[in-house]
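Data block below; observations after.
Rule-based calculations on the coordinates, nothing more; no lab input. None of these values were measured; they are calculated from a predicted model. Glycine also receives a Cβ, built like all others from the backbone with ideal geometry; neighbour counts cover every protein chain displayed.
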Amino acid sequence: MLDLANAKRVVVVGGGTAGWFAALEMRHAFGPQVEVTLIESEQIGIIGAGEGSIPNFNLALQRYGIDRERFMAATQSTVKLGVRFDGWRTGAADDRYHHLFSTVRGDTSLLDWAEQGFYPLSSWLMSEGLPLERYPAVQALVERGASQQEVLAWLDMHPREAYAYHFDARALARFLRGEAEARGVKRIEGRVKQVVMDAGRVTALESDAGRLEADFWVDASGLARVIAGKALGVPWESFAQNLLLDAALPFMLPHRDAHPPLLTMSHAMKSGWMWVIPTQGRLGCGYVYSTAHIDEAGVLAELRAHWGCEIEPVNRLRFGAGRLARCLESNVLAVGLAAGFVEPLEATSIAHTLYQLSFFGNLVQDTHHVVAESSIAQFNREVSNAWDGILDFLLMHYDTVRSDTAFWRDAAAAAQTPRYRDLKRAFATRTPRLADLVPYQMGGTIMFGIPSWETVGFAMGAIPRDAAARQLRGLSAGAQLRLHAAAESLRAA
Ligand SMILES: Cc1cc2nc3c(=O)[nH]c(=O)nc-3n(C[C@H](O)[C@H](O)[C@H](O)COP(=O)(O)OP(=O)(O)OC[C@H]3O[C@@H](n4cnc5c(N)ncnc54)[C@H](O)[C@@H]3O)c2cc1C
């Protein structure tokens, strides 16, 4: 049992995006009677990557009472409407699809009309071989490169739209620090040197700023995993046999278009892929690669050829895909990179952190700060399930026919989880259903819903046209008429 009824102090280790969001959640969950302190080391610094989000970022802004305009100004944010995938199937110049967050056109979402567990409008698009980006109204904004002002005004007039942000990661950590300190969170500059334990519980930390005692700890120490990984020894479950990427070379470029693009670009490269993330002042880019397939000199040569200029890396990052077996262990919660990471594709890391934090905060509040062992086990299971969902969703992106380099052949041949293989067999006969995704839910939320699975699954060939067409044939005569009318306007668009 985790008894925090008389807790006086919570300490967060780490001042990256995860640490500061965790501090905000601890303040939110425990209320003013509990002191929240964050210790971080400027000497170690933060990873400084992580500049794309998904729509649950807006839920976090609301939850912690953060004003959108102030956040956007302070973090050089731009609006993100989805992701553009270039070259993930054939690698040809016209090989492109969009994974948009929005499912809305006019007043109607693709999800408003459901029949027998599927969505006739998206099934119709797939049955005609048309990409799902054809439906949402935001696609027109993307195509004509609308300005940020125009898009923000448009989003304000369309409250059902889902959108997210691109931002400067270092500015985000600074901004969140200001927000947390304004809510009474104390910050200590110092490097944690030793974790003091008593009967399996963490009781204190020794740091070069002195000794810190607390009732509850958050390990947001990034890839160092100072408490959960090193002191508690929670086992690490690797996804390296499934996902091959293990390094990234980030760099910056000036903007090239009149307005910042509204999508993150995920450009398939010879031995991985490249992200291009537009913030207000620059393009933040990075080649994520497999060290088994290319070295840094090869990466730089390929980037030079792609951009037609010299590329100056701003960092060199190494990582391993996987997650902790349990992120809530004893009196410690691990979040952010300390809890797990897959790779940057689809911007899942901050999103998972935010879902996990609110799940934990709700659990603490709902249990009056006394959490039973069975709830802890369930919490850990669901957090792991959400990682499994991310893993399976990403596997679908790599389930490709592209085979022009060793990397793409190896990525497609890499181990697929039995869960993903089973879903793919189901998708061969019918489109994804909510029941397929429920096993991935965490705290009642599912990170990528049916439209996301349909968009990527159809684009990559995991969902064949036939599967979508077959289920349409089972519609009633009335539904067929309704579909016919809607199809006319979709065909014309
Ligand atoms: C290449 C790459 C691209 C990514 N792109 C995205 C993306 O587009 N979208 C997304 O959502 N996520 C992305 N991520 C993940 C994202 O970077 C992280 O989720 C996010 O930055 C949070 O990191 P963090 O706070 O867990 O760790 P960090 O930023 O590394 O912070 C760790 C903190 O712990 C402190 N610390 C460590 N050891 C000690 C110690 N001994 N004593 C005191 N303090 C200590 C450090 O000083 C630092 O403050 C990406 C990651 C990588 C590697």
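Taking every DSSP beta bridge that has both ends in the chain, the antiparallel portion is near 70%. From the largest down, the chain spans 68, 54, 45 angstrom on the principal axes of its Cα atoms.
Over the C-alpha trace of segment 247-397, radius of gyration and Dmax come out as 18.9, 59 angstrom.
Computed over Cα pairs, the Kirkwood radius of segment 183-238 leads via Stokes-Einstein (0.890 mPa s, 25 °C) to a diffusion coefficient of 200 µm² per second. The ratio of the alpha-carbon radius of gyration of segment 60-178 to the globular-protein estimate 2.2 N^0.38 Å is 1.25.
A Cα-only calculation for segment 19-72 places Rg and Dmax at 13.3, 34 Å.
Averaging the sequence gap over all C-alpha pairs within less than 8 Å and six or more residues apart, then dividing by the number of residues, gives the chain a relative contact order of 22 percent. Near V83: Cβ cut-off under 14 Å, other residues only, Lys/Arg at +1 and Asp/Glu at -1. The net charge is -2. Helices meeting the span-like rule in the chain (full DSSP H runs, Cα extent of at least 24 Å along the helix axis, mean Kyte-Doolittle score of 0.0 or higher): 349-366. For D112 and D410, the difference between the fully extended length at 0.36 nm per residue and the C-alpha to C-alpha distance is 103.3 nm. Strictly greater than 17 Å: what percent of every Cα pair in segment 1-113 meets that? Everything past 17 Å amounts to 72 percent. Over segment 427-469, the fraction of Cα-Cα pairs per 10 Å bin, rounded to whole percents and listed from the shortest bin up, is 30, 51, 17, 2. In plain terms, if you count all Cα to Cα distances in segment 140-297 and split them into 5 Å steps from zero, the share in each step is 2, 7, 10, 12, 12, 13, 13, 13, 10, 6, 2, 1, 0 percent.
Normalised by 2.2 N^0.38 Å, where N is the number of residues, the alpha-carbon radius of gyration of segment 321-365 equals 1.17.
Roughly how many whole Å is it from the C-alpha centroid of segment 105-174 to that of segment 452-466? Their Cα centres are 18 Å away from one another. If you look at the Cα atoms of segment 314-423, you get an Rg and a Dmax of 16.7, 57 Å. Net length available on complete extension from R425 to V438 is 2.9 nm, with 0.36 nm assigned per residue and the Cα-Cα distance removed. In summary, the lysines within cross-link reach of K8, defined as a Cα separation below 22 angstrom excluding same-chain residues under 8 places away, comprise K186. Directionally averaged projected area (segment 142-195, Cα convex hull): 7.1 nm².
Each label point was placed 7 Å from the Cα along the Cα-to-Cβ direction; for Q149 and A5 their separation is 5.8 nm.
In the distance distribution for segment 360-420, Cα-Cα pairs more than 15 Å apart total 63 percent. When all alpha carbon pairs of segment 393-493 are counted in 5 Å bins from zero, the resulting P(r) reads 2, 11, 17, 19, 18, 13, 10, 6, 3, 1, 0 %. Applying the Kirkwood pairwise sum to the alpha-carbon positions of segment 253-322 produces a hydrodynamic radius of 13.1 angstrom. When the label point is put 7 Å from the Cα of A140 along its Cα-to-beta-carbon vector, which residues of segment 64-107 have a backbone N closer than 12 Å? Flagged as within label range: 105-107.
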